[in-house]
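Below is one structure, written out as structure tokens; comments come after it.
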Amino acid sequence: MSMPRLLAEGVLRRALTEPAPQGLGLVELGPAFVEAARRRLGRSLSIRQVDAGSCNACELEIHALSNAYYDLERFGLRFVASPRHADVLMVTGPVTSNMRQALERTWAATPAPKWVVAVGGCAIDGGLFAGGYACASGIADVLAVDVWIPGCPPSPTALLQGLLALLNADRRQPGA
Amino acid sequence: MTWAARTVDADGWRAAIELLAAGRRTLTSLWGADDGVRMALHGEGEAAILALPCPAGGYPSVGAHHAPAIRLERALADLYGLRPEGALDTRPWLDHGRWTVRHPLGDAEPSAGPTSYAFLAAEGESLHQIPVGPVHAGIIEPGHFRFTAAGETVVRLEERLGYLHRGLQGRMIGGDLAGAAKLAGRACGDSTVAYALAFALAAESALGAEPPARARWLRALMAELERLANHLGDIGAICNDAAFALLHAHSSVLREQVLRAADACFGHRLMMDCIVPGGVAADLSDEGAQTMRALTNTVRQRFELLVDLYDDTASLQDRMVGTGRVSPELAARFGAGGFVGRASGRAFDAREAFAYAPYEALDFEVPARQDGDVNARVWIRIEEVRQSLSLVEQILARLPEGPIRASVPAGSGENAALVEGFRGDVFVWLKLEAGQVAGVCLRDPSWFQWPLLEAAIEGNIVADFPLCNKSFNCAYAGVDL
């Protein structure tokens, strides 16, 4: 009979959800992004994640954003199943040669205005794989990047900082 | 068991193929080196690594007689250009024609560019194909699934992988041990501890180095934490794919608590780079041990509530029981490890079979079932969560004092290690020359699980594929490398 107990606890107990992280941490924002975001973004973003050569560690931490501690959706941020519904492509990995076309097609299928968030060390500069026979040296080799979230993998807190920077770009200076 | 290496001729190679085909040995891996092909196999109390020189660039196909070798041979042909003679399937596997070169680890030549890929045929009335991927609908690794269906029923599924090939093994070759160890920890993110452990054990046995006792015990602690975190995540995610979000929400909280405890104790949520050749990079403080004890108490208590919830929910059982069945014969033939093998009667566990320290001194059981469906794979995970909680507690109670890292000489040698990751047995073979990596093979357990997923979905409805797939939770990056 654990269903009634778990449901009752869910109502009666204090939520595990933690306050939003403050500041940008190690996150960097591109100037073009800040300008465009000021004009165009509202209080909600739909995100399409694309794994372009990650080891899956970044994906594990992106998944963690949906758990009760981080509760991504309270900020108006949500992951969507199709690039047609997305404002943002969140891309991991150095961009393997075998994934490059799929990434380009996903970007082409995303309606403007749209932004690119590069997640993790590999996505930023290719990481340990830069310059190999089978991959590019980061997302910027293929798409223009607007937000960089470093880490191997970035913690859910760092990911939240980066995503909140997207929403709050009109109230923050880059690097603040 | 330890790995015995020997060089064979073509007849010796064929004799090994016969043992595999007769079911007397399990294929562990098949890979290329600078001097030919290697095959690792074990069974009947022995484990061997066979080396077959291939001066003419060909070797007798293993896959022609033993299906689990087919994709390994195709990958080997792509990377080294070595031809399996008599092979039935000679399509490329990792090489999609988009690399700068062909045969990057053998005699490299410029790539001829992308070619079309012929999927296996399915013939009959009113069949239709559903192509899925490489970009999937969720936050998942990329791969292509080609379904052929009759109405809602899957007639054939064929997987095409390789999208995540980063050239990881090639990156290791020619580099030093420390750099290669970092790369090993990034073969497959959810199994970073298992890979780092297998790599460290292979390097230490190749060089005759001995890590301190405390390091061995801390490694086991990390390995069990990784198993706990992944199984907790999987159990919830499988239920979520049957639209039962309540269990997913609660098990995600437990997974997060494991990761936070790992971060507090070892400085990284996934414990990446915490295991290094020679020992471990982070020690467990007294405070850390307290954190671990509190963690096992909380998880143990909360988890049993979730097990009851899983077992008591009839609508969930309706989706799980009987779905995506794998026969014990198939699991045995493919040497499927982890929950995929154990749910179908193959009770192999490298912690038990290879008894690497400190597991020979710890009490644990290897659960096994015969039913082989999604439900069985969930229950194996449930039992393993309980076992891992017990193992963590045993390790904390008996953790020896002393140093955590020994120096590793920059020598030469080659050897292998097989360790039990959460998904199954991870194999690493390493050849070192004067401190540099001269050859390497990382073999993920999913090499022998992906083909069984194709068998499991046959005759099920398309809508049950996410459920089957999640119950397997095969690695993409670990296979593509």
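Assuming 1.002 mPa s and 20 °C, estimate D for segment B:57-174 with Stokes-Einstein, Rh taken as the Kirkwood radius over Cα pairs, in µm²/s. Before the final figure, lay out the partial values.
Details: Rh = 16.1 Å.
This corresponds to a translational diffusion coefficient of 133 µm²/s.
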Given backbone amide H placed at 1.01 Å from N, residues whose amide H is under 5 Å from that of A:MET90, ignoring those fewer than 5 places away on the same chain, are A:ARG48, A:GLN49, A:VAL50, A:VAL117
Student exercise, segment A:47-176 dipole from Lys, Arg, Asp, Glu Cβ charges, in Debye to nearest 20:
260 debye
Rough spin-label spacing in nm, given labels placed 7 Å along Cα→Cβ, for A:MET3 and A:GLN22:
4.4 nm
For segment B:91-113, list residues with backbone N below 18 Å from a point placed 7 Å from the Cα of A:GLU104 toward its Cβ?
B:96-101, B:111-113
I need the helices of chain B that pass two filters: whole DSSP H segments spanning 18 Å or more by Cα along the axis, and mean Kyte-Doolittle score no lower than -1.0.
B:192-207, B:213-240, B:245-266, B:286-312, B:374-398
How big is the gap, in Å, between the Cα center of segment B:71-100 and the Cα center of segment B:396-469?
22 Å
Across segment B:400-405, in residue order, what do the Karplus-derived ³J(HN,Hα) couplings come to in whole Hz, using 6.51 cos²θ - 1.76 cosθ + 1.60 with θ = phi - 60° and x for Gly and Pro?
x, 7, x, x, 10, 8
At what distance in nm do the modelled label points of A:LYS114 and B:VAL462 sit from each other, each positioned 7 Å from its Cα along Cα→Cβ?
2.5 nm
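What is the dipole size for segment B:270-429, taken about its Cα centre, with +1 at each Lys and Arg Cβ and -1 at each Asp and Glu Cβ, in debye to the nearest 20? Let's see the in-between values first.
Numbers: 16 positive and 24 negative charges, 74 e Å.
Here segment B:270-429 has a charge dipole of around 360 debye.
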Using the basic label-point model (7 angstrom from Cα toward the beta carbon), what is the B:ALA121 to B:SER327 distance in nanometres?
2.5 nm
J(HN,Hα) series, segment A:54-68, from Karplus relation 6.51 cos²θ - 1.76 cosθ + 1.60, nearest Hz, glycine and proline x:
6, 7, 5, 5, 4, 4, 4, 6, 5, 4, 4, 4, 8, 6, 4
Amide H contacts under 5 Å for B:GLY43, restricted to residues at least 5 apart in sequence or on another chain and with H modeled in the peptide plane, are B:THR26
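Say R0 is 22 Å: what FRET efficiency, to the nearest 0.05, do B:GLU18 and B:GLU454 get from their beta-carbon distance?
Values: r = 26 Å, r/R0 = 1.17.
Using R0 = 22 Å, I get an efficiency of 0.30.
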Lys/Arg +1, Asp/Glu -1 at C-beta; chain B dipole; positive extreme among B:ILE275, B:VAL307, B:CYS474:
B:ILE275
Apply the Karplus parameterisation 6.51 cos²θ - 1.76 cosθ + 1.60, with θ equal to phi minus 60°, to every residue of segment A:153-167 and state each ³J(HN,Hα) to the nearest whole Hz, in sequence, with x for glycine and proline.
x, x, 6, x, 5, 5, 4, 5, 4, x, 6, 5, 4, 4, 6
Chain lengthening between A:ALA68 and A:HIS85 when straightened (0.36 nm per residue, less Cα-Cα)
3.7 nm
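What fraction of the DSSP beta bridges in the protein assembly as shown is antiparallel, stated in percent and rounded to the nearest 5? Numbers along the way, then the final one.
Numbers: 52 of 76 bridges.
Rounded to the nearest five, the antiparallel share is 70 percent.
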Under 1.5 on a/c is rounded, so check that first for the protein assembly as shown, then, if it is not, pick prolate when a/b is larger than b/c and oblate when it is not; a ≥ b ≥ c are the square roots of the alpha carbon gyration tensor eigenvalues.
rounded
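What per residue convex hull volume, in Å³, comes out for chain B when only alpha-carbon positions are used?
Details: hull volume 64.7 nm³, N = 481.
That works out to 135 Å³ per residue.
Magnitude of the Cβ-charge dipole of the protein assembly as shown, K/R +1 and D/E -1, about the Cα centre, nearest 20 debye? Don't jump to the answer; show the numbers that get you there.
Numbers: 60 positive and 75 negative charges, 286 e Å.
Approximately 1380 debye in magnitude.
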Quick check: Cα centre of segment B:293-341 to Cα centre of segment B:240-258, how many Å?
14 Å
Determine Rg/Rh for segment B:1-41; Rg is computed over alpha-carbon atoms and Rh is the Kirkwood hydrodynamic estimate from the same atoms.
0.95
Using +1 at the Cβ of each Lys and Arg and -1 at the Cβ of each Asp and Glu in chain A, identify which of A:GLN101, A:LEU65, A:LEU77 lies farthest towards the dipole's positive end.
A:LEU77
Set of lysines near B:LYS431 by C-alpha distance (under 17 Å), chain-local residues within fewer than 8 positions excluded:
B:LYS182
Which FRET efficiency value, to the nearest 0.05, do you get for B:VAL8 and B:ALA178 by plugging their Cβ-Cβ distance into 1/(1 + (r/R0)^6) with R0 = 30 Å?
0.35
Segment B:175-216 to segment A:95-155: how many Å between their Cα centroids?
28 Å
Segment B:GLU365-B:GLU210, extension gain: residue separation times 0.36 nm, minus the distance between their alpha carbons:
53.1 nm
Normalised alpha carbon radius of gyration of segment B:14-74 [divisor 2.2 N^0.38 Å]:
1.05
Subtract the Cα-Cα distance of B:ASP107 and B:ARG293 from 0.36 nm times their separation in residues, and report this length gain in nm to one decimal.
61.6 nm
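Read-outs: derived from the displayed coordinates by stated rules, not from any lab. Quick caveat, the model's predicted, so the values are computed rather than measured. We place every Cβ from the backbone using ideal geometry, glycine too, and count neighbours over all the protein chains shown.
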